[in-house]
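Notes follow the structure.
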Amino acid sequence: MFEDLMKISPPGTERGWYSPLTGAILGSMADRTPTTATPPGRVLVVDDEQPLAQMVASYLIRAGFDTRQAHTGTQAVDETRRFSPDVVVLDLGLPELDGLEVCRRIRTFSDCYILMLTARGSEDDKISGLTLGADDYITKPFSIRELVTRVHAVLRRPRTSTTPPQVTTPLIVGDLILDPVAHQVRVGETTVELTRTEFELLVALALRPGQVLTRHDLVTEVWDTTWVGDERIVDVHIGNLRRKLGTNTQGRGFIDTVRGVGYRVGQP
């Protein structure tokens, strides 16, 4: 595998080594030093390209994570049940079950973070994956250093919601009721099932009724201040929220777009 590593990297990858075999950009040797600040966490790496899966797993292990691998869609679902990972790094192009179906099945029994690996330009796959419950994506070819950073970032997120400790009572905005303790959302008397990321976005907005939050505000609060990636991921999750929440008794959606600025819940 290592004879395929090249010092001549694609644009923007000068700090690493590019592997045409796997489509990954490796960090420098210095990046392979584990950090003692790493929170404990379990990561399942799912990719049918075994050299790439092994490489990603080795870097995560060096960073202190308990890491396992799966190479087919069926293995991915089964291993998620057995291993109960905190994060699944999921390639979409898998044999037996594709990554989108794997994501859908995992979401029936686990709220682990799902980080998709997608091909460049596959916008439909990104949107489909996020709609099915994935939390984030990285586009191939990718930097393994960036991937490890993303795993660190999601594990720094609260395991339930972004709600401050002092907020223990339901948040009510019109017909919308959020219970931060029960991690439950209702529209009127109807319970709405949300993914962890969708819930955290909605809480961030509902805590400031009538206030407009930018994409950057939401990324900083829900993902992490060190998060790197396309902030338009917020738009996809907001679209999913609107679809799931529906409309209030007046026929209005619960989340408004303030063009050129951001999003808000409730009227100013």
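Assorted remarks:
- Full-stretch length increase - T191, T74 - with 0.36 nm per residue and alpha-carbon distance subtracted: 39.0 nm
- Nitroxide proxy distance, nm - points 7 Å out along Cα→Cβ at D66 and T220: 3.5
- Rounded to whole Å, the principal axis extents of the Cα atoms in the stretch 74-146 read 32, 25, 21, largest first.
- Two-site FRET efficiency, Q54 against Q184, from Cβ-Cβ distance with R₀ of 30 Å, rounded to 0.05: 0.15
- Chain lengthening between R242 and E146 when straightened (0.36 nm per residue, less Cα-Cα): 31.5 nm
- Extension gain for D235 to D124 (0.36 nm times residue separation, less C-alpha to C-alpha distance): 38.6 nm.
- Virtual paramagnetic centre 7 Å along Cα→Cβ of T169, amide N under 15 Å, in the stretch 186-210: 207
Readers should treat all values here as calculations from the given coordinates under stated rules, not as data from a laboratory. A quick note: this is a predicted structure, and the numbers were derived from the prediction, not measured. When we count neighbours, we look across all protein chains shown, and the Cβ atoms used for this are built from the backbone with ideal geometry, even at glycine.
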